[in-house]
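Colleague: I'd like to ask you about the structure that follows.
The values are calculated or read from the model by the stated rules, or taken from the named source; none is laboratory data. Note that this is a predicted model, so its numbers are computed, not measured. Note that we place each Cβ from the backbone using ideal geometry, even for glycine, and neighbour counts take in every protein chain shown. We work out accessible area using only protein heavy atoms, side chains counted, and drop any ligands, DNA or RNA first. Shrake-Rupley method; radii C 1.70, N 1.55, O 1.52, S 1.80 Å.
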Amino acid sequence: MELINRYRRLRTNAAVRNLVAETSLTPDHFIVPLFIIEGTNKKEEISSMPGYFRFSLDLLKSEILELKKLGLRSVLIFVKVPDNLKDNEGKEALNSQGLMQRAVRFIKEVDPQMTVMTDVALDPYSSYGHDGIVSGQEIVNDPTVEVLATMSVSHAQAGADFVAPSDMMDGRVKAIRKKLDEAGFHNTGILSYGAKYASSFYGPFRDALDSAPGFGDKKTYQMDFRNSMEALKEVDQDIVEGADIVMVKPAGAYLDIIRRVKDHVHVPVAAYQVSGEYAMIKAASANGWLDEKAAMVESLIAIRRAGADIIATYFAKDFASQFNNGKL
């Protein structure tokens, strides 16, 4: 048989495959989500996210030092707010001594070089479990945006490097940028959830923070998963309003959106491999249906291959702990 091209020559062995690999993945590409709770000496495993935990601040130090040792240099903070501090206005979100603000200061004390990003949305603070202020059965946009902007300044005052609005309210990036600049925080960045879809893959996350909506769903503000052009309009608006990084969420079922956004914009693109994606791999491996390490790596590489510059993932530590001299 006469062949001009034998592509298998470039797959002969691991050294050759590594030499010509088109996609790389290192701990530098990851954001590590952290769940913080009140109390002392608490490390609670999240039942729907095996191997992932909520930490009280006193136990967070060892976690931050372990991340540093593994080469993981960016974290995204989420807080579980006690029910007695929840309301419909997000008052606790603005508390300078609130759990989020204390967590930011604590992490910066432990490791000043850690890049600290903060979740900006009202669902952890809301008595309704929604990302904004509720009026009747409506999640109202503009009053919510005012609170989110003030909340972002509070996070910056605590030492956050980036604020990460995940609420999908219209105009919130512009309001946040304006408020940050007026307060003198010109160097505080905005990682905007530019294309966040109303997804069934968020279930375990809502378990982690007890933040499921108390009525209805989030489809009036999060995106319709049937749409892709809409994602480009959303990220365009966020960039015009001042976003430094745009996020696509979820990742695994939205690889086409990641690619479309990457080809469309000129800012870094992040993607969030969400709790449901993590839980599916964990559950399947626990049942012996797939190889967890192989599935983890393949899923993360797929997100990078689709165009993500940055990946927020619950697998960050698992990947980094097996990372050796640049290769798994």
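Colleague: Quick one: Karplus J couplings for region 126-137, per residue in order, coefficients 6.51, -1.76, 1.60, θ = phi - 60°, nearest Hz, x for Gly and Pro?
Modeller: These are the phi-based 3J(HN,Hα) values: 8, 5, 9, x, 9, 7, x, 6, 9, 10, x, 10 Hz.
Colleague: Which residues' amide hydrogens lie under 5 Å from the amide hydrogen of residue 52, considering only partners 5 or more residues apart or on another chain, with H built in the peptide plane?
Modeller: Counting only residues 5 or more places away or on other chains, the set is 46.
Colleague: With +1 on each Lys and Arg Cβ and -1 on each Asp and Glu Cβ, how big is the dipole of the chain about its Cα centre, in debye rounded to the nearest 20?
Modeller: For this selection, approximately 1280 debye.
Colleague: Per residue of region 20-30, in order, report the coupling 6.51 cos²θ - 1.76 cosθ + 1.60 (Karplus, θ = phi - 60°) as ³J(HN,Hα) in whole Hz, putting x for Gly and Pro.
Modeller: Per-residue couplings from phi come out as 10, 4, 7, 10, 10, 8, 9, x, 5, 8, 9 Hz.
Colleague: Taking all protein chains as present, what is the carbon and sulfur share of the accessible area of region 55-159, in % to the nearest whole number, probe 1.4 Å?
Modeller: 49 percent
Colleague: For residue 217 and residue 28, compute 0.36 nm times the residue count separating them, minus their Cα-Cα distance, and round to one decimal in nm.
Modeller: 64.5 nm
Colleague: I've got another one for you. Please state the relative contact order of region 248-321 as a whole percent: Cα pairs under 8 Å, 6+ residues apart?
Modeller: RCO, region 248-321: 40 percent.
Colleague: Too long at a 31 Å Cα-Cα cut-off: which of 174/249; 68/91; 61/282? If you can, show how the numbers build up before the last one.
Modeller: Numbers: 174/249 20 Å; 68/91 33 Å; 61/282 26 Å.
Violating the 31 Å Cα-Cα cut-off are 68/91.
Colleague: Also: Could you report region 1-126's accessible area per residue, 1.4 Å probe, as an integer in Å²?
Modeller: About 53 Å² of surface per residue is accessible.
Colleague: Quick one: in region 4-62, what % of C-alpha pairs are over 14 Å apart?
Modeller: For region 4-62, the share of Cα pairs beyond 14 Å comes to 71 percent.
Colleague: While we're here: If one computes the Cα centroid of region 236-268 and of region 274-289, what distance in Å separates the two points?
Modeller: Here the answer is 26 Å between Cα centres.
Colleague: Could you work out the per residue convex hull volume over the alpha carbons of region 139-207, in cubic angstrom? Kindly include the intermediate steps, with their values, before the conclusion.
Modeller: Details: hull volume 7.2 nm³, N = 69.
Measuring per residue, one finds 104 Å³ for the Cα hull of region 139-207.
Colleague: Is the shape of region 172-240 rounded, prolate or oblate, going by the alpha carbon gyration tensor and its root eigenvalues a ≥ b ≥ c, with a/c under 1.5 for rounded and a/b larger than b/c for prolate?
Modeller: Cα axes put region 172-240 in the oblate bin.
Colleague: Counting each pair of different Cα atoms once, what's the Kirkwood radius of the chain in Å, rounded to one decimal? Intermediate values should be presented prior to the final figure.
Modeller: On the way: mean 1/r = 0.0489 Å⁻¹.
When all Cα pairs of the chain are included, the Kirkwood radius is 20.5 Å.
Colleague: Continuing with the same structure: Along the charge dipole of the chain, Cβ charges K/R +1 and D/E -1, which of 56, 90, 268 sits furthest on the positive end?
Modeller: Positive-end residue among those listed: 268.
Colleague: Okay, next question. Across all directions of projection, what mean area in square nanometres is found for the Cα convex hull of region 42-152?
Modeller: 7.9 nm²
Colleague: Please list the non-local residues whose amide H lies under 5 Å from the amide H of residue 223, H modeled 1.01 Å from N, same-chain partners needing a gap of 5 or more.
Modeller: It is 196, 197, 198, by chain and number.
Colleague: Probe 1.4 Å, all protein chains in place: accessible area of residue 196 in Å², nearest 10?
Modeller: Using a 1.4 Å probe on the heavy atoms, I get roughly 10 Å².
Colleague: Taking θ = phi - 60°, what integer Hz values does the Karplus form 6.51 cos²θ - 1.76 cosθ + 1.60 yield along region 172-178, in sequence order, with x for Gly and Pro?
Modeller: So the J values, rounded to whole Hz, are 6, 5, 4, 5, 5, 4, 5.
Colleague: Now a separate question. Can you give the charge dipole size of region 11-91 about its Cα centre, rounded to the nearest 20 debye, using +1 on the beta carbon of Lys and Arg and -1 on the beta carbon of Asp and Glu?
Modeller: Around 340 debye, computed over region 11-91.
Colleague: Please state the charge dipole magnitude for region 1-150, taken about the Cα centre, from unit charges on C-beta atoms (+1 on K and R, -1 on D and E), reported in debye and rounded to the nearest 20.
Modeller: 1140 debye
Colleague: Considering the dipole of the chain built from charges on the beta carbon (Lys and Arg +1, Asp and Glu -1) around the Cα centre, which of 100, 152, 117 is farthest to its positive end?
Modeller: 117
Colleague: Any chance you could run the full-extension gain for residue 228 through residue 182? It's 0.36 nm times the residue separation minus the Cα-Cα distance, nm to one decimal.
Modeller: Answer, rounded to one decimal: 13.1 nm.
Colleague: If amide H atoms are built 1.01 Å from N in the plane of the peptide, which residues on other chains or at least 5 residues away come under 5 Å of the amide H of residue 36?
Modeller: 55, 78, 79, 80
Colleague: Let me ask something else. Can you order the peptides 122-133, 232-243 by their average number of other Cβ atoms within 10 Å per residue, highest first?
Modeller: Taking the mean over residues of other Cβ atoms within 10 Å, the ranking is 122-133, 232-243.
Colleague: In terms of Cα to Cα distance under 13 Å, which aspartates and glutamates are near enough to residue 262, apart from those fewer than 8 places away along the same chain?
Modeller: Of all the aspartates and glutamates, those that pass the test against residue 262 - Cα under 13 Å, at least 8 places apart if same chain - are 236, 309.
Colleague: What is the percent carbon and sulfur in the accessible area of region 244-328, measuring with a 1.4 Å probe over the protein chains and ignoring ligands?
Modeller: Result for region 244-328: 51 percent of the exposed heavy-atom area is carbon or sulfur.
Colleague: While we're here: Explain nothing, just the number: relative contact order of region 1-78, from Cα pairs under 8 Å at least 6 residues apart, as a whole percent.
Modeller: 32 percent
Colleague: Among 284, 294, 322, flag the residue with its Cα farthest along the positive direction of the charge dipole of region 274-328, charges on Cβ as +1 for Lys/Arg and -1 for Asp/Glu.
Modeller: 322
Colleague: Taking a quarter of the surface of the convex hull around the Cα atoms of region 203-273, what do you get in nm²?
Modeller: Values: hull surface 22.4 nm².
Mean shadow area of the hull around the Cα atoms is 5.6 nm².
Colleague: Ok, one more. Could you please tell me the mean projected area of the C-alpha convex hull for region 166-311, averaged over all directions and given in square nanometres to one decimal?
Modeller: 9.9 nm²
Colleague: List the relative contact order of the chain as a percent without decimals, with contacts defined as Cα pairs under 8 Å and 6+ residues apart.
Modeller: 18 percent
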